[in-house]
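The values are calculated or read from the model by the stated rules, or taken from the named source; none is laboratory data. This structure is a prediction, so every number in the text was calculated from the model and none was measured. Cβ placement follows ideal geometry from the backbone for every residue including glycine, while neighbour counts extend to all protein chains displayed.
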Amino acid sequence: MKLKLFVCNPFTVNNYIISNENNDALLIDAGYYSNEEWETLQNYLTLEHLNVKACLITHPHIDHVIGISALYQKYNIEILMSEAGYHLYDSIVDVADQFGMEQVEILAKDKIKFINEGNIKIGDFDILVYETPGHADGSLCFYFSDEKIIFTGDVLFYDSVGRTDFITGDWDALVNSIKNKLYKLPDEVKVYPGHGNPTSIGHEKHNNPFVKIN
Ligand SMILES: [Zn+2]
């Protein structure tokens, strides 16, 4: 499996593209915003001959979802997210206004595929979806057990954790999600967060200053 990172939009979100030997690809989050960012994505997909199957959304904060509608229109791909966060996604036009971001469109609810905790299969990709509330309603983490990698959105970062002071944030829920779900994974699992550098479950379990297990 191949992993590509594009850091996008004024909030410097990590958008990931994973692809397999059949050239099937999945997108993790949809933070593509500027023309240049869209071109970079398009060029990469063309150059690598990738066939994008779906886009998995870690959580519905504007920086992770601003490109959903355009992605759907350009590539006609499935957009997968938690229904628990749809109400936040539905409000991003107002949020965009506050930040002076333009041309933000919402994808209608009936065009989104809602997913819950559990195993899902997309093409040859096997994904274990975790519901990890605390940072925002509808926060999901995506674990690829064959590759031992997990995409944690804004739940767990390198030496840090997600903020809980936004609407629907909940510190106790966040700690519970990290301790009782993410930290149950093997130490060697590599963590790809929604912002900043990658890390590992083992490193965070023993060193994270906010949620540590001794
Ligand atoms: Zn967030």
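Quick one: count up the residues across segment 125-140 that are of a type outside the set (D, E) and within 14 Å of N176 (Cα to Cα).
8
Out of N9, N43, I need the residue that is at pLDDT 95 or above and either within 20 Å of S139 (Cα to Cα) or out of contact with any Cys (no Cβ under 7 Å at 6 or more places or on another chain) (or both). Which one?
After applying the criteria, what remains is N43.
Is there any pair linking a residue in segment 57-75 that is under 18 Å from E102 (Cα atoms) to one that is within 15 Å of the ligand (Cβ to nearest atom) and part of a helix (DSSP H, G or I), with Cβ under 6 Å and at least six apart or on different chains, and which?
P60/G85; P60/L88; P60/Y89; I62/I92; I62/V95; V65/Y89
Is it fair to say F114 is surrounded by 24 or more Cβ atoms within 10 Å (Cβ to Cβ), closer than 24 Å to E78 by Cα, at pLDDT 95 or above and away from the ligand (no atom under 13 Å from the Cβ)?
No.
Could you tell me which residue of segment 145-172 is farthest from the ligand (Cβ to nearest atom), considering only residues that are in a strand (DSSP E or B) and among the small types (G, A, S)?
S160
Whether any residue in segment 177-194 is within 13 Å of the ligand (Cβ to nearest atom), under 17 Å from T58 (Cβ atoms), assigned to a loop (DSSP other than H, G, I, E, B) and in contact (Cβ under 8 Å) with a residue 24 or more places away in the chain is what I want to check.
Yes - at least one qualifying residue is present in segment 177-194.
Can you tell me which of L47, L27, L5, L56 is of a type in the set (A, V, I, L, M, F, W, C), in contact with a strand residue (DSSP E or B) (Cβ under 7 Å, 6 or more places away or on another chain) and surrounded by fewer than 23 Cβ atoms within 10 Å (Cβ to Cβ)?
None of the others qualify; the one that does is L5.
If you take the residues of segment 1-52 that are assigned to a helix (DSSP H, G or I) and among the aliphatic types (A, V, I, L, M), which of them is nearest to the chain's Cα centre (by Cα)?
Only one residue fits best here, namely L41.
Against the conditions (1) touching a residue at least 40 places away in the same chain (Cβ under 8 Å); (2) of a type outside the set (S, T, N, Q); (3) buried (at least 20 other Cβ atoms within 10 Å of the Cβ), where does I17 fall short? Just the number, please.
Going through the list (1) touching a residue at least 40 places away in the same chain (Cβ under 8 Å); (2) of a type outside the set (S, T, N, Q); (3) buried (at least 20 other Cβ atoms within 10 Å of the Cβ), I17 breaks only (1).
Which residue pairs have Cβ atoms under 6 Å apart, sit 6 or more places apart or on different chains, and have a first residue in segment 82-93 that is among the aromatic types (F, W, Y) and a second that is modelled with pLDDT under 95 and not in a helix (DSSP H, G or I)?
From segment 82-93, no pairs qualify.
Output the number of the condition that A96 fails; it satisfies all remaining conditions of (1) modelled with pLDDT of 95 or more; (2) of a type in the set (A, V, I, L, M); (3) outside any loop (DSSP other than H, G, I, E, B).
Checking A96 against (1) modelled with pLDDT of 95 or more; (2) of a type in the set (A, V, I, L, M); (3) outside any loop (DSSP other than H, G, I, E, B), the one that fails is (1).
Please go through segment 53-72 and pick out each residue that is more than 10 Å from the ligand (Cβ to nearest atom) and part of a helix (DSSP H, G or I).
Result: I68, S69, A70, L71, Y72.
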